[in-house]
Each structure stands twice: as C-alpha cells, then as structure tokens.
Amino acid sequence: GFLRLFERPASRRIMLAGALDGFLLFGGAFPFVASLLIGRFGFSAAEAGLAVAVFGLGTLAYSRAAPWLVRRFGEARLVTAGGFGLAACMIAIAAAPVWAVVAAAQAAAGFAFMLLHGVLQARSTEALPEARGTAVAGFAMALFFGQSLGAVVFGALIVGVGFGAAFGVAAMGVAGLGVWVRGWVR
C-alpha cells in the first residue's frame with residue numbers, strides 16, 4: 001500500500017506537506033516554547049507546561065468553528081491564514097517581553113495550527129481513496145518523520161543562534177508552507 005502511495009504525485013505532495021508541518025512546528029518551534037519560558041522568564045517546568053498547554057484552547061475553539069470556517073472561507077484561505085497566523089505567533093513568542101504574550105500566542109497558535117493542519121489531515125484521507133487507512137498512516141509517518149528531524153535541527157539551531165532566529169526560521173517556513181499548500185487545494 002505504501003508503494004502505491006509513493007507512486008502518486010498528489011500523495012507524495014501531501015506527505016511532503018505533512019513532513020514539513022511536523023518539521024517546522026511539532027519538531028521545530030512547539031517543543032521549545034517551554035524552554036524559552038524557563039530560560040527567559042524563570043518559569044518552573046510545571047509553570048511552563050501550563051503556559052504551553054493553552055495551545056489546546058485554540059484547537060478547541062477551532063473544533064467548534066471548523067464547519068462554519070470551511071463553508072465560509074474554503075480550504076485555500078484556511079491554509080493561507082493558518083500559515084501566516086502561525087508565522088505571526090512564532091514571531092510573537094520569539095519577541096515576547098512578558099510571559100503572557102507567549103501564552104496568548106500559544107492559544108492563537110493552536111487555532112492557526114488547526115487551520116493548516118486540519119486541511120492537510122483531511123486531504124490525507126483522499127491521497128489513496130481505495131486504501132484510506134494506508135494513506136492516513138503514510139501522512140502520520142511523514143508528520144512524525146518531520147517532527148523527529150525538526151527536533152534535531154531546531155535544537156541545534158537554538159543552541160547556535162538562539163530562540164529568536166530559530167523561531168524566525170519556523171515562521172518563514174510555515175508561512176511558505178501555507179502559500180504552497182494553497183496552490184493545490186480547492
């Protein structure tokens with residue numbers, strides 16, 4: 001099944017998008033927000049965890065609004081808004097003068113992430129219609145591969161040039177991802 005997935009250009013494209021999604025966000029920026037809170041604002045691990053957890057509030061808000069958003073704006077606008085919204089959140093986190101800015105940006109990032117990721121995840125079910133489970137598994141594999149690679153690359157980047165530059169790279173990358181995906185969704 002995975003070979004059939006890799007044979008189709010549209011399937012390869014959605015898997016590449018999933019890998020980039022994982023690389024830039026779940027491996028790139030998101031895992032290091034708590035470290036930024038600990039290092040910059042002197043948070044304990046528990047306090048940083050709570051501030052990072054408000055990401056879930058944004059995803060919850062998206063889940064309530066998703067049907068209306070898709071009908072009203074369509075997938076192309078959602079992925080663009082998600083990419084640029086995430087970029088703005090990454091920049092806000094990197095430049096945050098107080099921890100509350102980080103927490104607010106985390107909530108907004110949860111919403112923006114779902115604008116982009118939700119479309120990608122839905123599209124993954126269409127990558128191999130005759131074997132949807134295989135297609136979703138392939139997307140998940142690509143996402144987690146990107147996440148693993150992103151953690152290594154962004155960890156090294158943060159050590160080398162700091163949070164601001166690393167989050168800036170993630171911001172530019174995710175904005176570009178949103179624009180690229182917009183070009184091939186309806």
Completion exercise
Per the list (1) in contact with a Gly (Cβ under 6 Å, 6 or more places away or on another chain); (2) surrounded by fewer than 21 Cβ atoms within 10 Å (Cβ to Cβ); (3) without any contact (Cβ under 8 Å) to a residue 60 or more places away in the chain; (4) among the small types (Gly, Ala, Ser), residue check on Ala112 breaks on (2)
Handout entry: Segments classed as helices (runs of 4 or more DSSP H), wholly inside segment 4-88, with at least 3 members that are farther than 28 Å from Gly162 by Cα and in contact (Cβ under 8 Å) with a residue 12 or more places away in the chain
Key = 9-21
Exercise for the section: Would you please name the residue that is farthest from Leu25 (Cα to Cα), looking only at residues in segment 90-103 that are without any contact (Cβ under 8 Å) to a residue 24 or more places away in the chain and either touching a Lys or Arg at 6+ places or on another chain (Cβ under 9 Å) or part of a helix (DSSP H, G or I) (or both)? Expected result: Ala100
Exercise for the section: Among the residues of segment 17-51, write down those that are modelled with pLDDT of 95 or more, closer than 22 Å to Phe144 by Cβ and either touching a Leu at 6+ places or on another chain (Cβ under 8 Å) or among the aliphatic types (A, V, I, L, M) (or both). Expected result: Ala17, Gly18, Ala19, Leu20, Asp21, Gly22, Phe23, Leu24, Val33, Ala34
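Given the residues Arg12, Arg64, Arg4, Arg40, which is the only one that is over 30 Å from Gly133 (Cα atoms) and open to solvent by 40 Å² or more (accessible area, probe 1.4 Å)?
Details: Arg12 fails: over 30 Å from Gly133 (Cα atoms); Arg64 fails: over 30 Å from Gly133 (Cα atoms); Arg4 fails: over 30 Å from Gly133 (Cα atoms).
Step by step, each of Arg12, Arg64, Arg4, Arg40 is checked, and only Arg40 is over 30 Å from Gly133 (Cα atoms) and open to solvent by 40 Å² or more (accessible area, probe 1.4 Å).
The values are calculated or read from the model by the stated rules, or taken from the named source; none is laboratory data. A quick note: this is a predicted structure, and the numbers were derived from the prediction, not measured. Ideal geometry is used to build each Cβ from the backbone, glycine not excepted, and the neighbour counts take in all protein chains shown. With ligands, DNA and RNA removed, areas are computed over all heavy atoms of the protein, side chains included. Shrake-Rupley method; radii C 1.70, N 1.55, O 1.52, S 1.80 Å.
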